[in-house]
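Before any comments, here is the structure.
The values are calculated or read from the model by the stated rules, or taken from the named source; none is laboratory data. Note that the structure is predicted; figures quoted are calculated from it, not measured. Cβ coordinates were reconstructed from backbone atoms using ideal geometry, including for glycine residues, and neighbour counts include every protein chain displayed.
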Amino acid sequence: MTEYRPETRAVHVPHPVVEGSRPITVPIYQTSGFTFDDPAVMADGMGRPDGPYVYGRYSNPTVRALEEAVSGLEGGVAAIATGSGMAAINTVLLGLLKPGDHLIAQRALYGGTAGMINELVSRFGVEVSYVPEHDPAALRAAVGPRTKLVYLETIANPMCQVADLPAMCAAARELGLVSVVDNTFATPLLCRPIEHGADVVVHSTTKYLSGHTDVVGGMAVFADDALYRDVWHFAIELGPSPDPFAAWLSLRGMQTLGLRMERHCANTRLLATRLAEHPSVAAVHWPGLPSHPSHEVAAKLLPDFGGLFSFDLTGGRAAGERFMRSVRLALVAPSLGGVETLILHPATTSHRSLTAAELARHGIGEGTVRVAVGIEHPEDLWADFEQALT
Ligand SMILES: *Cc1c(COP(=O)(O)O)cnc(C)c1O
């Protein structure tokens, strides 16, 4: 290198050589591309997902480590990491559907997904039917000659309906349909949809997988190699790839997923159980409670019931707003799955454009509060909720 001028040497920084040891954590390969001694090797890498690294939009070692980690947890054969959960969902939907195709989705859907399905219908000529997430007979009845895909969520937002994945995925398979399951709320620690027959699992890794409210990311995990290769070829053109640093943050967060999920679930159980007995609370929506309509399905499918729940205040909208202003420890914020407890009043924020009747159709009351329970000490959380209720 010393034969070159400083301008040139500043560009060609020598790489440190690691010999006889290797880093314990995955390094951040903050590079947009890769260089080759043999151009033929580069050509090979551009044509397949499992070839040499070529370009950051195709793959990157840090991103690949995250893909393999999540794919391994979900029991898939391969995965595609993306820059957001919506990017993963859209990559899969756009990569698998064509104009005229028919999609069957469950009624309760994440807002962004519901919006994207409306776009597919209005802009791309896809047709959609909605069925309850626990009803394989309704799924069979909705199938037509152009039906291609079934879209489900393990646990839905904010009422926590749990999909009957074994029944719904089996019906989809029997009918020759691709089943896609959003497993964001459950995480692979509570449910691995591929074990129940799902073909594709999607995640917002922004939430529990990363877990620290510091990164936005997504993932699509595939049960089948041919399906993965199809979507990968589409994805490298669509370009949803994540930044290596974002992938690294997710890898770092994921190491404590097991500990965090245990605490999220235990804290939620305590809050949900105590709130259900509180005089200011009309109802608690958490599938761990026998009163929840999905309790039976959930008890069969899940070892625990997750870290998110909603509850209805007896005082309606005014009580909901008052509760939001009265908490001291819980933070008023969108999102979920991080270590901090976050609360949201759908009627005045995320769903503020809906009338009372429309809210009711979504199962959301004017006094409904959504809680994404963090990993704080449960008694500190309870003390905060109790003071905010009085
Ligand atoms: C947040 C979320 C998404 C969207 O993920 P982003 O990372 O925000 O793009 C999709 N599905 C579910 C269930 C989510 O909670």
Test: residue in the stretch 144-165 that is in contact (Cβ under 8 Å) with a residue 24 or more places away in the chain, small (G, A, S) and within 16 Å of the ligand (Cβ to nearest atom): yes
Count of residues meeting criterion [within 16 Å of the ligand (Cβ to nearest atom), among the hydrophobic types (A, V, I, L, M, F, W, C) and either touching a residue at least 12 places away in the same chain (Cβ under 8 Å) or surrounded by 21 or more Cβ atoms within 10 Å (Cβ to Cβ) (or both)] in the stretch 299-338: 5
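Listed here are the residues, each with its yes/no results for (1) touching a Phe, Trp or Tyr at 6+ places or on another chain (Cβ under 7 Å); (2) over 30 Å from N118 (Cβ atoms); (3) buried (at least 21 other Cβ atoms within 10 Å of the Cβ); (4) not assigned by TED's automatic domain parsing to the domain that holds I117.
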site: E19; (1), (2), (3), (4): no, yes, no, yes
site: I28; (1), (2), (3), (4): yes, yes, no, yes
site: R48; (1), (2), (3), (4): no, yes, no, no
site: E74; (1), (2), (3), (4): no, no, yes, no
site: S84; (1), (2), (3), (4): no, no, no, no
Qualifying residue in the stretch 51-70 (condition: within 18 Å of the chain's Cα centre (by Cα), assigned to a loop (DSSP other than H, G, I, E, B) and more than 16 Å from the ligand (Cβ to nearest atom)): no
The stretch 45-57 residues that are of a type in the set (A, V, I, L, M, F, W, C), paired with ones that are outside any loop (DSSP other than H, G, I, E, B) (beta carbon under 8 Å, 6 or more apart): M46/Y55; V54/G33; V54/M42; V54/G45; V54/M46
Cβ-Cβ under 8 Å pairs, at least 6 apart or on other chains, the stretch 82-93 side farther than 20 Å from S210 by Cα, far side within 8 Å of the ligand (Cβ to nearest atom) and in a strand (DSSP E or B): V92/V202
Members of the stretch 143-196 that are of a type in the set (G, A, S) and in a helix (DSSP H, G or I): A167, A170, A171, A172
Test: residue in the stretch 38-48 that is over 27 Å from H362 (Cβ atoms), in contact with a Lys or Arg (Cβ under 9 Å, 6 or more places away or on another chain) and of a type outside the set (V, I, T): yes
Matching residues in the stretch 342-374 - criterion: being touching a Phe, Trp or Tyr at 6+ places or on another chain (Cβ under 9 Å), within 16 Å of the ligand (Cβ to nearest atom) and in a loop (DSSP other than H, G, I, E, B): V373
Among (1) in contact (Cβ under 8 Å) with a residue 40 or more places away in the chain; (2) surrounded by fewer than 19 Cβ atoms within 10 Å (Cβ to Cβ); (3) of a type outside the set (D, E); (4) within 16 Å of the ligand (Cβ to nearest atom) - the single one A114 does not satisfy: (1)
